[in-house]
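Step one of this worksheet: look at the structure below.
Values quoted throughout were computed directly from the atomic coordinates according to the rules given, and no laboratory measurement underlies them. Keep in mind that this is a model prediction, so the values were computed, not measured. Cβ coordinates were reconstructed from backbone atoms using ideal geometry, including for glycine residues, and neighbour counts include every protein chain displayed.
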Amino acid sequence: MLKSRKNLTRFTYETTAFEGWRLCVSRAGTTFTRYFSDKVYGGGQGSLKAAEKARTKLLKLIDNSRRINGKLSKSTIERAHQILKES
């Protein structure tokens with residue numbers, strides 16, 4: 001049984017077409033979300049690995065970025081979205 005982890009939630013519902021992992025990170029007033037489907041990544045372990053890899057890159061970017069008035073900069077947000085898109 002695959003269990004949810006920090007910033008990662010497992011979705012397995014009989015009533016929906018989606019099965020996989022949701023990556024959701026909120027920092028400095030901005031939330032980043034991406035879904036990793038089992039179908040795309042070849043099963044639960046594959047989608048989990050992809051989600052964990054994206055989470056690591058995303059957190060490294062966010063945690064090492066400067067804040068402007070307590071918020072993430074526009075360029076940091078754009079780079080974060082690019083990381084999620086490429087994952």
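Neighbours of THR9, meaning other residues whose beta-carbon lies under 15 angstrom from its beta-carbon, give a summed charge of +4 when Lys and Arg score +1 and Asp and Glu score -1.
Cα extents for the chain along the principal axes, largest to smallest and rounded to whole angstrom: 44, 20, 19.
Considering only DSSP states other than H, G, I, E and B, which trypsin sites (Lys or Arg not before Pro) in segment 41-72 qualify as loop sites with at most 11 other Cβ atoms within 10 Å? Before the final figure, lay out each step's value.
On the way: sites: LYS49, LYS53, ARG55, LYS57, LYS60, ARG66, ARG67, LYS71; in loops: ARG66.
In loop regions of segment 41-72 (DSSP not H, G, I, E or B), the sparsely surrounded trypsin sites (Lys or Arg not before Pro) are ARG66.
Run the numbers for ARG66 and LYS39: contour at 0.36 nm per residue of separation, minus the present Cα-Cα distance, in nm. Spell out each step's value before the answer.
Values: separation 27, 0.36 × 27 = 9.72 nm, distance 3.67 nm.
Difference between extended and current length: 6.0 nm.
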